[in-house]
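Before any comments, here is the structure.
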Amino acid sequence: MLNKPALVESLIVFVIVLFVHAVVWDRYSWCAVALAVQAFYVQFKWDHLLQLGGAVFQFRTAANSGLLPASMVIPLLGIVMKERCKSAGIVYFERFGIVVASTGMLVALFLSVIAVGITKPVPTNTCILTGVAGSIIIYTMKHSLTVSEVIEVLEVLLIFVYLSMILLYLLPRCFTPGEALLVLGGVSFVLNQLIKRSLNVIEGRGDPIDFFLLVAVVGVVLLGLFFTVLFIFMDSGTWISSMFFHMMTAVLGLGVIMPWLYRLIQRNPLFWLLQFLFQTQTRVYLLVYWTFLAASACGVVFYQNAKRSSESKKHQASTITRKYFHFIVVATYVPGLIYDRQLLYVAAVLCLAVFIFLEYIRYFRIKPFGQTLRHLLSLFLDERDSGPLILTHIYLLLGMSLPVWLFPRSCAPKGTFSGAGALVPYSGVLSVGVGDTIASIFGSTMGEIKWPGTKKTFEGTMTAIFAQIIAVALILIFDSSVNLNSSYSWILASVSLVSLLEAYTTQIDNLLLPLYLQIMFMA
């Protein structure tokens, strides 16, 4: 029996794909339509496999496969980036957008072929549809990509295959197939970009903050893989193991990651970072303000745990309590977006590295803080944290940061786009910080009319749309760089579609919603 919420989720994604197709209308957008059609059919094969327990790896059980919404994110991002950079006349990033779109399509096709291949009996119609869509995409790639670009796409696919086999085995129940496609596909692309730029430093020279992001992401992933393999052979909870963990972290950081970054930016990374952070008085004020907000977030965690100790019946934080952190994150990002986006870019990278490192300490029970972190964070678990890792707070940070990191600055005249594109860096703030937060609070407290087949309410969705429109008006008032050029109807349609997606998706909305809103704004 078909899952009705999944059908509605798929319909919303189809509408977004058709919106982008109508704006772009070229061979790549036709490929995106073909990919969406085949992903729709294959998604239900994945759902069937998960229900029967026939998938090769253990995936998160409280959600559908999410293959269609995840499959379309990277291709659509590449397509809209290509169009923006083509309009700006930046050929290098136009080609980069084509590579991103082609990579996303090929990785999504690979995951579809895996699902079709392990489904018994073999679904003939789905196989034919997958073959037709794959033929269209490969034919387009053949006539669009150079030899070096084809090699780059295949490199990313190879990295994705190996990362998937390793991480999905080591981290059972942490992802759905769609989330694995999105997260591991992104990490694979970042790793390939870092290798490519490291091998050709002269060509790869650019903004140091971009290299800082690449090295930080790859560095923390490699650190996690190293310690995961190491602690298979030794107990991670002892003092000796903990001392070895801290020592090897310092060795890998100072002996591998720092020299790697030095090779890319051609200067001492620590001196560059300190000079960058304290370059202007505005940055000092922002750093002091963000330190205060970080202390406030820690205060909320300690207060809620103290409250749990005094109330033995209360074992988990409520939805409204968890949304406190959304408000804190909005208060963090909005001043950064208005006053200094480059500082926000670097600070978000640092925060991501710290979050992942603390999760390693919690997961491996590294002394002296591992067990304390386990106790403190267990209060804020929800059904999405069904695996050994706690990822919801990392997804929240990624959802707010990805629109800032993925904003094509080189293709934006005067550092910003006109029209709805001016709101691209605010996609995370609007969809997650405002929309998702308001929908949860109003839906859980005052909502009565539920969307069919879900726990989400009509009142929550409508208040989320209204709140995001108010937020856009406030952004217009306080951020002088934003010029919407009468694109209000497109903004309303974008916000409404993404809010409906939030009501029906069972994937990690903190990660999915900002990316789809960014795609709509950039289109």
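See the values below:
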| quantity | calculated |
| --- | --- |
| Selection status of T126, farther than 25 Å from L515 by Cβ, open to solvent by less than 50 Å² (accessible area, probe 1.4 Å), over 26 Å from the mean Cα position of the chain (by Cα) and among the polar types (S, T, N, Q) | yes |
| Residues located in the stretch 441-472, provided they are in contact (Cβ under 8 Å) with a residue 60 or more places away in the chain and either open to solvent by 80 Å² or more (accessible area, probe 1.4 Å) or within 30 Å of D340 (Cα to Cα) (or both) | T445, P452 |
| Members of the stretch 146-166 that are over 15 Å from I98 (Cα atoms) and not aliphatic (A, V, I, L, M) | E155, F160, Y162, S164 |
| Flag if G387 is open to solvent by less than 30 Å² (accessible area, probe 1.4 Å), more than 27 Å from T506 (Cβ to Cβ) and either modelled with pLDDT under 85 or of a type in the set (K, R) (or both) | no |
| Tally of residues being touching a Ser or Thr at 6+ places or on another chain (Cβ under 8 Å) and either hydroxyl-bearing (S, T, Y) or farther than 24 Å from A347 by Cα (or both) across the stretch 401-430 | 3 |
| Residues being over 16 Å from I195 (Cβ atoms) and of a type in the set (G, A, S) - total across the stretch 205-231 | 1 |
| Boolean, V482 is β-branched (V, I, T) and modelled with pLDDT of 85 or more | no |
| Selection count, the stretch 80-114, where residues are open to solvent by 50 Å² or more (accessible area, probe 1.4 Å) and of a type in the set (G, A, S) | 2 |
| Cβ pairs under 6 Å, 6+ apart, first in the stretch 361-378 and under 23 Å from R322 (Cβ atoms) and assigned to a helix (DSSP H, G or I), second open to solvent by less than 20 Å² (accessible area, probe 1.4 Å) and among the acidic types (D, E) | none |
| Residue list for the stretch 61-79, filter: hydroxyl-bearing (S, T, Y), at pLDDT below 85 and surrounded by 24 or more Cβ atoms within 10 Å (Cβ to Cβ) | S65 |
| Lone unmet requirement of (1) more than 23 Å from the chain's Cα centre (by Cα); (2) open to solvent by 20 Å² or more (accessible area, probe 1.4 Å) for V217 | (1) |
| Test: residue in the stretch 409-417 that is of a type in the set (V, I, T) and either at pLDDT 90 or above or more than 25 Å from the chain's Cα centre (by Cα) (or both) | no |
| Residue among L163, L158 that is at pLDDT 85 or above, under 28 Å from A6 (Cβ atoms) and not polar (S, T, N, Q) | L163 |
| Pairs with Cβ under 6 Å, 6+ apart, first in the stretch 144-159 and closer than 16 Å to V107 by Cα and touching a residue at least 12 places away in the same chain (Cβ under 8 Å), second open to solvent by less than 40 Å² (accessible area, probe 1.4 Å) and among the aromatic types (F, W, Y) | V156/F189 |
| Out of L170, L194, sole residue that is at pLDDT below 90, farther than 24 Å from R384 by Cβ and in contact with a helix residue (DSSP H, G or I) (Cβ under 8 Å, 6 or more places away or on another chain) | L194 |
| For H393: the one exception among (1) touching a residue at least 40 places away in the same chain (Cβ under 8 Å); (2) touching a helix residue (DSSP H, G or I) at 6+ places or on another chain (Cβ under 7 Å); (3) within 27 Å of S480 (Cα to Cα) | (3) |
| Number of the condition not met by G255 [criteria: (1) in a helix (DSSP H, G or I); (2) over 21 Å from V220 (Cβ atoms); (3) open to solvent by 40 Å² or more (accessible area, probe 1.4 Å)] | (2) |
| Residue within the stretch 285-293 that is touching a Gly at 6+ places or on another chain (Cβ under 7 Å) and surrounded by 12 or more Cβ atoms within 10 Å (Cβ to Cβ) present | yes |
| Candidates S144, S188, filtered to the one that is within 19 Å of the chain's Cα centre (by Cα), of a type outside the set (F, W, Y) and open to solvent by less than 30 Å² (accessible area, probe 1.4 Å) | S188 |
| Members of the stretch 473-498 that are open to solvent by 10 Å² or more (accessible area, probe 1.4 Å), in a helix (DSSP H, G or I) and of a type outside the set (F, W, Y) | A473, L474, I475, L476, I477, S489, L492, A493, S496, L497 |
| Checking L274 against (1) over 17 Å from Y345 (Cβ atoms); (2) open to solvent by 60 Å² or more (accessible area, probe 1.4 Å), the condition it does not meet | (1) |
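The values are calculated or read from the model by the stated rules, or taken from the named source; none is laboratory data. Every value quoted in this text rests on a predicted model; they were computed, and no experiment measured them. We place every Cβ from the backbone using ideal geometry, glycine too, and count neighbours over all the protein chains shown. With ligands, DNA and RNA removed, areas are computed over all heavy atoms of the protein, side chains included. Shrake-Rupley method; radii C 1.70, N 1.55, O 1.52, S 1.80 Å.
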